[in-house]
Amino acid sequence: MRADSLFNNLQYTEAFTLYDSLLQHEQVYTPQMLLKMAYIKESARDYTGAMYYLHLFYKKQPSRSVLKKMEELGQTHRLSGYEYNDLQFFKTQFSKHYMRILELMLLVAVVAVTIMFVSWRKGHRFSQTFKVGFVLYLLFILYYINFLNLGDAGIIRNDQVAIMSAPSAGATWLATVSQGHKVPITGEQDIWYEIRWKGEKAYVRKHNLLELP
């Protein structure tokens with residue numbers, strides 16, 4: 001592939017343009033391509049881009065080594081939000097298998113309803129405990145589909161970004177941060193994202209934050 005040839009010849013700008021075209025317009029990419037894009041961005045000191053493509057790679061091929069790489073890159077450049085822990089790994093694994101888990105739960109529910117109906121036709125009566133348990137199981141499926149959220153996050157994409165206490169330019173200033181920091185997104189309001197900054201609720205303008213998929 002021409003982009004790989006350019007990358008191997010250290011023509012990173014040209015290679016990245018081709019890689020980005022494949023990713024954005026044709027939705028064609030490989031994990032190796034994402035790693036090369038992350039390397040190019042890191043070489044250009046674009047840590048937002050580097051972390052973004054490492055994140056895409058991690059979503060496609062979750063591994064503890066990639067989490068560790070992001071943590072080390074964050075520590076090297078004093079970027080917050082990339083602390084390595086088992087919870088982050090679990091969240092990714094869970095997200096990856098979300099649909100399979102849902103399909104299994106729905107299959108169990110359908111089989112259970114079928115068996116219950118056949119048993120009821122034969123005169124079997126179910127205990128109150130069983131009925132309550134089955135209703136709770138169905139409610140959990142509804143919760144799983146509609147409300148289960150493992151958390152959204154974004155990466156600060158510009159330098160000298162103001163973190164505010166409220167969604168207003170006149171609010172109290174909390175901090176000024178550079179690009180590359182990863183923050184949890186807890187909501188949005190007009191042109192602002194509600195985030196968590198050092199454990200506290202804060203706000204940042206949407207154009208300053210690159211939301212992670």
In a GNM of the chain with a 10 Å cut-off on Cα contacts, which of Ala153, Ala112, Ala171 has the highest mean-square fluctuation? Ala112
By how many nm would the segment from Gln75 to Val111 lengthen if fully extended, with 0.36 nm per residue of separation less the alpha-carbon distance? 7.9 nm
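Suppose R0 equals 35 Å. What FRET efficiency, 1/(1 + (r/R0)^6) with r the Cβ-Cβ distance, do Lys122 and Ile101 give to the nearest 0.05?
Details: r = 32 Å, r/R0 = 0.91.
Efficiency at R0 = 35 Å is approximately 0.65.
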Along each principal axis of its Cα atoms, how long is the chain end to end? Whole angstroms, biggest number first, please. 75, 51, 30
So, with points 7 Å from each Cα along the Cβ direction, the Lys198-Arg64 label distance in nm works out to 3.2 nm
Could you report the accessible area of Val177 in Å², rounded to 10, computed with a 1.4 Å probe on the protein chains as they sit in the structure? 10 Å²
From the protein chains alone at 1.4 Å, what is the descending order of accessible area for His124, His181, His97, largest first? His124, His97, His181
Given the -39500 (n - 2.57) contribution per DSSP H run of 4+ residues, what per-residue ellipticity at 222 nm results for the chain, rounded to the nearest 500 deg cm²/dmol? -17500 deg cm²/dmol
Roughly what would the spin-label model give for Ile141 and Gln24, points 7 Å off Cα along C-beta, in nm? 4.2 nm
Using only the alpha carbons of segment 1-77, what is the convex hull's orientation-averaged projected area in square nanometres? 4.9 nm²
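Note down the Stokes-Einstein diffusion coefficient of segment 92-213 in µm²/s, whole number, using a Kirkwood radius over alpha carbon pairs, 25 °C, and 0.890 mPa s.
On the way: Rh = 18.0 Å.
Answer from the Stokes-Einstein relation: 137 µm²/s.
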Just how much of Ser21 is accessible, in Å², when a 1.4 Å probe is used and the result is rounded to the nearest 10? 40 Å²
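Just to check, using Stokes-Einstein with a Kirkwood Rh over alpha carbon pairs, what's the diffusion coefficient of segment 9-50 at 4 °C and 1.567 mPa s in µm²/s?
Diffusion coefficient, whole number: 126 µm²/s.
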Per GNM of the chain with C-alpha springs under 10 angstrom, the most fluctuating residue out of Leu136, Leu73, Leu54 is Leu136
Work out the FRET efficiency for Asn8 and Gln189 from their Cβ-Cβ distance, taking R0 = 41 Å, and round it to the nearest 0.05. 0.30
Subtracting the Cα-Cα distance of Glu211 and Asp152 from 0.36 nm times their residue separation yields 20.5 nm
Across the chain, where is the longest run that never hits GluC sites (Glu not before Pro) in a DSSP loop with at most 13 other C-beta atoms within 10 Å? 84-213
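The values are calculated or read from the model by the stated rules, or taken from the named source; none is laboratory data. Not measured: the values here are computed from a predicted model. Quick reminder, even Gly has a Cβ in these numbers, built from the backbone with ideal geometry, and neighbours come from all protein chains shown. We work out accessible area using only protein heavy atoms, side chains counted, and drop any ligands, DNA or RNA first. Shrake-Rupley method; radii C 1.70, N 1.55, O 1.52, S 1.80 Å.
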